[in-house]
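Quick notes on the structure that follows.
The values are calculated or read from the model by the stated rules, or taken from the named source; none is laboratory data. Everything quoted here is computed from the prediction, not taken from an experiment. Positions of Cβ are generated from backbone atoms using ideal geometry, with glycine treated the same way; all protein chains shown enter the neighbour counts. In case anyone asks, the SASA skips ligands and DNA or RNA and just uses the protein heavy atoms, side chains included. Shrake-Rupley method; radii C 1.70, N 1.55, O 1.52, S 1.80 Å.
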Amino acid sequence: MDADETFRTEVREWLADHLVGEFAALRGLGGPGREHEAHDERLAWDRHLAAHGWTCIGWPEEHGGRGLSLGQQVIFHEEYARANAPGRVNHLGEELLGPTLIAFGTDEQKARFLPKIVAVEELWCQGYSEPGAGSDLANVATKARLVSTGLDHQQEWVIDGQKVWTSLAHLSDWCFVVARTEAGSQRHAGLSYLLVPMDQPGVEVRPIVQLTGTSEFNEVFFTGARTSADLVVGGAGNGWTIAMATLGFERGVSTLGQQVGFRRELDAIVELARTNGSLDDPVIRDRLARADVELEVIRLNALRTLGEHQGPRQASVAKLLWAHWHRTLGELAMLVRGVDSLTTGPDYDLDEWQRLFLFTRADTIYGGSDEIQRNILAERVLGLPREARN
């Protein structure tokens with residue numbers, strides 16, 4: 001047995017041994033569209049993972065990680081998904097902010113924040129999108145200015161503005177915020193990447209009720225919110241570069257685990273079709289077969305590009321592929337369920353397939369809309385003329 005297969009066995013056996021007792025009930029809970037499920041219990045599970053060295057496994061050892069190879073990271077995420085282990089609560093810190101700090105943060109920033117991400121002691125949210133700057137992030141209007149505190153001539157950033165679609169802001173301790181720090185600047189220039197504490201008078205979080213009836217997305221209002229002058233990553237004015245680097249980290253090895261989850265959903269829909277007889281419908285059978293082939297293509301594309309530098313082509317193609325596939329899967333689930341999919345109980349008690357259908361309507365929007373991904377491919381890869389902007 002080679003080293004990777006030995007590692008796979010280690011991960012599989014550890015999960016089997018530890019997803020028991022109080023944690024056994026967490027199997028399958030959490031994840032996109034279901035972040036409301038057993039949050040405190042899943043937080044305890046994440047801290048259990050941390051205590052046994054299973055968080056931040058790809059980070060260098062000097063920053064608290066295990067320094068595992070790319071292949072071993074893929075194995076971990078695949079086995080985690082196959083075990084139906086609960087959705088992680090620390091994704092934004094572990095997969096986005098942490099790697100960004102490792103690449104661009106100061107020694108002081110790394111020492112302050114990385115250990116608490118590894119231990120799952122501080123949770124993070126992402127302050128990117130705004131009402132006028134969703135997929136077009138360069139339209140950011142949130143402003144930050146340096147002011148003197150009057151104490152030993154120290155300075156702080158004072159932040160004013162609004163963010164929207166901020167995942168899990170109501171549960172987060174910190175937010176990495178893209179703000180305009182140079183007066184009069186436009187588009188990509190004059191932006192900075194700030195680390196802002198959420199628990200302060202100048203921060204208001206308002207949950208957004210979704211079609212699913214849950215509220216994992218939020219509006220966040222900054223009104224004179226403050227953070228230390230040294231909590232700017234990559235230096236003032238370099239926010240666009242840092243923000244794009246973070247988005248690159250977002251589409252890493254965990255996507256392979258995501259696809260194992262997709263496979264589980266597809267298999268469950270096939271079984272439902274077999275049970276209720278809809279598999280006998282040649283149209284439904286053809287669509288299920290097509291979904292199976294397409295998911296395998298997505299997996300192979302992810303494996304092919306995983307070791308490459310995640311430039312605009314790889315990231316945009318991957319997002320277009322999985323988002324369209326998953327949204328279509330939600331539609332297929334409703335088709336397989338038939339007329340029963342159109343009704344709920346008096347308390348809007350959605351079943352798992354109705355929830356899948358409703359939440360996946362957003363798959364082609366969040367994380368960079370399909371339209372923006374196609375523009376990136378057209379302009380930056382194919383060299384076509386830029387779209388006219390007012």
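Could you check the simple spin-label distance between Ser215 and Thr6, using points 7 Å along Cα→Cβ, in nm with one decimal?
That separation, rounded to one decimal, is 5.1 nm.
So for the chain, averaging the separation of alpha carbon pairs under 8 Å that are six or more residues apart and normalising by length, what relative contact order in percent results?
13
Where only protein heavy atoms count, and the probe is 1.4 Å, what is the accessible area per residue for segment 267-307 in Å²?
Details: 2500 Å² over 41 residues.
Result: 61 Å² of accessible area for each residue.
Put a dot 7 Å past each Cα toward the Cβ at Glu22 and Asp230; how far apart are the dots in nm?
3.7
Please compute the modelled spin-label separation between Met244 and His153, points set 7 Å along Cα→Cβ, answer in nm with one decimal.
3.7
Computed from these coordinates, which is mean projected area of the Cα convex hull in nm²: [x] 18.5; [y] 19.5; [z] 22.3?
[z]
Keeping all protein chains in place, calculate the accessible area per residue for segment 31-91 (probe 1.4 angstrom), answer in Å².
Spelled out: the 1.4 Å probe surface of segment 31-91, per residue, equals 40 Å².
Would you mind finding the longest exposed-site-free stretch of the chain, with exposed GluC sites (Glu not before Pro) meaning DSSP loop and at most 12 other Cβ atoms within 10 Å?
1-307
For segment 151-234, which whole percent of the accessible surface, found with a 1.4 angstrom probe, sits on carbon and sulfur atoms?
On the way: 1940 of 3770 Å².
After summing per-atom areas, the C and S share lands at 51 percent.
With the Cα gyration tensor of segment 142-186 giving a ≥ b ≥ c as the square roots of its eigenvalues, does the rule (a/c under 1.5 for rounded; else a/b larger than b/c for prolate; else oblate) give rounded, prolate or oblate? Mind showing how you got there, number by number?
Numbers: a/c = 3.67, a/b = 1.41, b/c = 2.61.
Oblate, because a/c is 1.5 or more while a/b does not exceed b/c.
Mark the label point 7 Å from the Cα of Lys116 along Cα→Cβ and return the residues of segment 168-188 whose backbone N is within less than 14 Å of it.
172-176, by backbone N distance to the label point.
Can you tell me how segment 98-212 classifies by the Cα gyration tensor, rounded, prolate or oblate, using a/c under 1.5 as the rounded cut?
rounded
Of the trypsin sites (Lys or Arg not before Pro) in segment 285-390, which ones lie in a loop per DSSP and count no more than 10 other C-beta atoms within 10 Å?
Passing both the DSSP loop test and the Cβ count: Arg386, Arg389.
So what is the relative contact order for segment 1-76, in percent, with contacts set as C-alpha pairs under 8 Å and at least six apart?
Here the relative contact order equals 27 percent.
Considering only C-alpha atoms, what is the centroid distance from segment 347-390 to segment 117-186, in Å?
Value for the Cα centre distance between the two parts: 24 Å.
Please report the accessible area of Met244 (heavy atoms, 1.4 Å probe, ligands and nucleic acids excluded) in Å², nearest 10.
Surface accessible to solvent at Met244 totals approximately 60 Å².
How long is the gain from Glu13 to Arg274 if the chain were fully straight, where each residue apart is worth 0.36 nm and the alpha carbon distance is subtracted?
90.8 nm
State in Å² the accessible area per residue of segment 187-243; use a 1.4 Å probe, count heavy atoms of protein chains only, and round to the nearest integer. All intermediate terms of the calculation are to be shown ahead of the outcome.
Details: 2290 Å² over 57 residues.
Result: 40 Å² of accessible area for each residue.
What's the carbon and sulfur percent of segment 41-92's accessible surface, probe 1.4 angstrom, rounded to a whole number? The partial results should precede the final answer.
Details: 950 of 1930 Å².
Answer for segment 41-92: carbon and sulfur cover 49 percent of the accessible area.
Mind checking which lysines have their C-alpha under 23 Å from Lys143, skipping anything on the same chain fewer than 8 residues away?
Correct list for Lys143: Lys163.
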